[in-house]
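S.K.: Just passing along the structure, written as structure tokens.
The values are calculated or read from the model by the stated rules, or taken from the named source; none is laboratory data. All figures in this text were calculated on a predicted structure; none of them were measured in a lab. We place every Cβ from the backbone using ideal geometry, glycine too, and count neighbours over all the protein chains shown.
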Amino acid sequence: MAQVGGPGAYEGTSFGTAKSCILLWLDGGPSHLETFDPKIDVPREVQGPLGTTPTSIPGVHFSGELGRCAKLADQMTIIRSMTSPLGEHGLANQYALSGYLPSPNVQYPSFGSLASHERALDWKNPLPRSIGIPEPRIGHGAGFLGASDEPFWVHSDPGSPSFQVRDLEIHPSLDPTRLERRREMLGRLQDTQKGPGFQGAFEWILSPQAKRAFDLKQESDATKERYGLRSFGQSCLLARRLVEQRVPFVTVVQPGWDTHENMVVPLRDGFAGAKVGVGLIPTFDQAASALIEDLRQRGLLDETLVIAMGEFGRTPKVNTRGGRDHWPRVYSVMLSGGGLPRGLVYGSSDRIGESPMDHPTTPSDLVHTLLVRLGVRPDQTLLTPEGRPIRVNQHGRPIDALL
């Protein structure tokens, strides 16, 4: 896409500090009250069943099931005042990820695709610029930017013993020599081999670097166990391997957060009668804390932005079915690394987690701020294939405390 505009006011110490980003997408709407904004000294139907635990930030508590993340809170920024008008999953996804309210006329790109697009001209790596693990979700696409900026989704579970990335391996009937002959023959028949997509596909499947990046067998058993052997844990481990290879944007999806009833089972237990919790929150707690610690120990956290978020929060009162329903009026986002402040809690919700109490922050504000950290100018204008100018971020304001 053509683009208009110069660096302008976005050149500075905050611009482009994050060379890579790992988005932990908690699909379905995670409850802020059961994660990063639990309430104390409130009625049981507000507090919920999981309790609280103190963090490494004095006076700040997380969910009782986030003990490992609580110890790393001084490495995080927590936004507790996110607010949106959209409480339907697909629409809320699009707003949360693009910063634009959905429109029937324009498919806006996610901020991940914008980060991928920004790196297109100087990208020499055989790996894709944006990679998703394991399966795609609504709102994570490139919109009007087109197919070249779409994430590459692995379509396979890294937690499975038979994990294999689709389209990375040569068909058993071929070897590199035969594959090269086929490329030459196709090039004689048509001019496709001059296209970047065609050439990139060959480099991809023949690249030892790409194969190594996805090969979790190179990790020790201790490291795998540190992240957790379930799908989400191994997906986070794979994300770390990919940012080590300088992939600009990696999305890890953890589905199942749409907990309208009996939320203790999916959130804490994992299955009825579990002796040790293996549900969504303990699994997230182990994997996310391991990821942040691992990146820090490898010297990668300062240049890798880690984000944990979903499309909205949950109702401030537990319903009669033991769950919480959709609630976009206020929710939380966790951030770490990428040059962001550490040990910061930005904004707050009211006493029962119903509305923002101070510093209300929209998805557009968050996207604007993340784009600055990722080296994408929010004020630049992109052109759709029809020639329509679209500003990268039209309605957001920078969150100064994060810049």
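S.K.: Take the residues in the range 144-186 that are aliphatic (A, V, I, L, M) and at pLDDT 95 or above; name whichever of them is nearest to the chain's Cα centre (by Cα).
M.R.: Applying the first criterion (aliphatic (A, V, I, L, M)) to the range 144-186 yields 145, 147, 154, 165, 168, 170, 174, 179, 185-186.
Applying the additional criterion that residues be at pLDDT 95 or above yields 145, 154.
Numbers: Leu145: 19, Val154: 15 Å.
So the residue we want is Val154.
S.K.: Continuing with the same structure: Among the numbered criteria (1) in contact with an Asp or Glu (Cβ under 6 Å, 6 or more places away or on another chain); (2) assigned to a loop (DSSP other than H, G, I, E, B), which single criterion is violated by Asn93?
M.R.: Unmet for Asn93, out of (1) in contact with an Asp or Glu (Cβ under 6 Å, 6 or more places away or on another chain); (2) assigned to a loop (DSSP other than H, G, I, E, B): (2).
S.K.: Take the residues in the range 357-386 that are within 22 Å of Pro102 (Cβ to Cβ) and part of a strand (DSSP E or B); name whichever of them is nearest to the chain's Cα centre (by Cα).
M.R.: Restricting to residues being within 22 Å of Pro102 (Cβ to Cβ) and part of a strand (DSSP E or B), the top hit is Thr361.
Here's the yes/no breakdown for (1) among the basic types (Lys, Arg); (2) out of contact with any helix residue (DSSP H, G or I) (no Cβ under 9 Å at 6 or more places or on another chain); (3) modelled with pLDDT of 95 or more; (4) surrounded by fewer than 19 Cβ atoms within 10 Å (Cβ to Cβ):
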| residue | (1), (2), (3), (4) |
| --- | --- |
| Arg314 | yes, no, yes, no |
| Arg321 | yes, yes, yes, yes |
| Arg324 | yes, no, yes, no |
| Trp327 | no, no, yes, no |
| Val330 | no, no, yes, no |
| Leu335 | no, no, yes, no |
| Leu340 | no, no, yes, no |
| Tyr346 | no, no, yes, no |
| Gly353 | no, no, yes, no |
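S.K.: Right, here's the next one. State yes or no: is Leu291 under 18 Å from the mean Cα position of the chain (by Cα), in a helix (DSSP H, G or I) and in the same structural domain as Ser56 (by TED's automatic domain parsing)?
M.R.: So Leu291 passes the test.
S.K.: So which pairs qualify, if the first residue must be in the range 370-390 and more than 14 Å from Ser110 (Cβ to Cβ), the second must be surrounded by 17 or more Cβ atoms within 10 Å (Cβ to Cβ) and among the small types (Gly, Ala, Ser), the Cβ gap must be under 6 Å, and the two must be at least 6 apart or on different chains?
M.R.: Val372/Ser14; Arg373/Ala18; Arg373/Gly338; Gly375/Gly16
S.K.: Further, regarding this structure: Evaluate the following for Glu303: is it charged (D, E, K, R) and closer than 17 Å to Lys39 by Cα?
M.R.: no
S.K.: Further, regarding this structure: Please indicate, with yes or no, whether at least one residue in the range 369-389 is closer than 24 Å to Asp41 by Cβ, among the small types (Gly, Ala, Ser) and modelled with pLDDT of 95 or more. Can you show your working first?
M.R.: Of the residues in the range 369-389, the ones closer than 24 Å to Asp41 by Cβ are none.
Within the range 369-389 (the criterion being closer than 24 Å to Asp41 by Cβ, among the small types (Gly, Ala, Ser) and modelled with pLDDT of 95 or more), the answer is no, since none of the residues qualifies.
S.K.: Sort out which residues of the range 93-133 are surrounded by fewer than 24 Cβ atoms within 10 Å (Cβ to Cβ) and hydrophobic (A, V, I, L, M, F, W, C), and write them in order of number.
M.R.: Hits for the range 93-133 are Leu101, Val106, Ala120, Leu121, Trp123, Leu127.
S.K.: Could you list, in sequence order, all residues of the range 246-286 that are crowded, with 17+ Cβ neighbours inside 10 Å, among the polar types (S, T, N, Q) and touching a residue at least 60 places away in the same chain (Cβ under 8 Å)?
M.R.: Of everything in the range 246-286, those that are crowded, with 17+ Cβ neighbours inside 10 Å, among the polar types (S, T, N, Q) and touching a residue at least 60 places away in the same chain (Cβ under 8 Å) turn out to be Thr251, Gln254, Thr259, Gln286.
S.K.: Let me ask another. Regarding the range 396-403, can at least one residue be identified that is touching a residue at least 12 places away in the same chain (Cβ under 8 Å), touching a helix residue (DSSP H, G or I) at 6+ places or on another chain (Cβ under 8 Å), crowded, with 23+ Cβ neighbours inside 10 Å and not basic (Lys, Arg)?
M.R.: No.
S.K.: For residues that are farther than 17 Å from Leu24 by Cβ and under 14 Å from the mean Cα position of the chain (by Cα), tally how many sit in the range 96-137. Let's see the steps before the verdict.
M.R.: First, pick out the residues of the range 96-137 that are farther than 17 Å from Leu24 by Cβ: 98-109, 113-114, 116-129.
Subsequent filtering for residues that are under 14 Å from the mean Cα position of the chain (by Cα) retains 98, 113-114, 116.
Counting residues in the range 96-137 that are farther than 17 Å from Leu24 by Cβ and under 14 Å from the mean Cα position of the chain (by Cα) gives 4.
S.K.: A follow-up question, please. Might you let me know whether the range 30-46 holds any residue that is under 30 Å from Ala120 (Cβ atoms), within 18 Å of the chain's Cα centre (by Cα) and at pLDDT 95 or above? Give the derivation first.
M.R.: Going through the range 30-46, the residues under 30 Å from Ala120 (Cβ atoms) turn out to be none.
Within the range 30-46, none of the residues are under 30 Å from Ala120 (Cβ atoms), within 18 Å of the chain's Cα centre (by Cα) and at pLDDT 95 or above.
S.K.: Which ranges mark the strands (runs of 3 or more DSSP E) fully within the range 30-85 that have 2 or more residues being touching a strand residue (DSSP E or B) at 6+ places or on another chain (Cβ under 9 Å) and crowded, with 24+ Cβ neighbours inside 10 Å? It would help to see each step written out before you state the result.
M.R.: On the way: elements: 52-54, 61-63, 76-82.
Answer list for the range 30-85: 61-63, 76-82.
S.K.: Just one of Asp294, Asp350, Asp325, Asp379 is touching a Leu at 6+ places or on another chain (Cβ under 9 Å) and of a type in the set (Asp, Glu); which is it? Quick ask: steps written out before the conclusion?
M.R.: Working: Asp350 fails: touching a Leu at 6+ places or on another chain (Cβ under 9 Å); Asp325 fails: touching a Leu at 6+ places or on another chain (Cβ under 9 Å); Asp379 fails: touching a Leu at 6+ places or on another chain (Cβ under 9 Å).
The match here is Asp294.
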